[in-house]
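Novice: Shown below is the structure under consideration.
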Amino acid sequence: MKVNSDFFPLTQMAQRFVDQLAQCRRLGLTVLEASEHHVLIELPYSTELIGYPDTGVIHGGVITTLMDTACGSAVVSAIFHKFKLLEISPTLDLRVDYMKPAQPHKPVFGFAECYKLSSNIAFTRAIAYQDSIDDPIAHAVGSFMRISPEMVGDAFRQALMGEAVPEIGDTDERK
């Protein structure tokens, strides 16, 4: 799927955020769209993710990770769009309601939105689906803590902004 970065300008930043998370890299999560309003992430099917060998169904924990990541990416995108700042926003609470198992051999998509930003908490909702968002695998609601931009490390900030990260031992003599 080709991504239109003019229409979804936060897609690359959201992908860099996802790439900072080791479990997301291992799962092969790809951000297809990201805006100030939503994030859409694809989880490719893999036999390594099977929770039920007799059926080939993806483990529920993988679906939870997809939804948590989509919600967290939506928070990062919403905060960056509104304040032009990066914040660390760990998950405080995530409730996932499963409606049916994912069909084997098909990707799963996670659609999430950050629908409210308060001064300390970001509120999200998400849907995991395969063929149609109207036929969900699971729904989720979550809350994420907003932590001051000053707490974001330089390496993390640079990685999300697509800037080169200095190698360990490099020094910058500029003042």
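Novice: What is the number of the single condition among (1) out of contact with any Pro (no Cβ under 7 Å at 6 or more places or on another chain); (2) closer than 18 Å to Arg146 by Cβ that Leu86 does not meet?
Specialist: Unmet for Leu86, out of (1) out of contact with any Pro (no Cβ under 7 Å at 6 or more places or on another chain); (2) closer than 18 Å to Arg146 by Cβ: (1).
Novice: I want to confirm something. Restricting to segment 30-48 and keeping residues that are β-branched (Val, Ile, Thr) and in a strand (DSSP E or B), which single residue is surrounded by the fewest Cβ atoms within 10 Å (Cβ to Cβ)?
Specialist: Thr30
All of the numbers you see were taken from the coordinates with simple rules; none came from a lab. Computed from a predicted model, the values in this text were never measured in an experiment. Because the Cβ atoms are built from the backbone with ideal geometry, glycine has one as well, and the counts that use them run over all protein chains shown.
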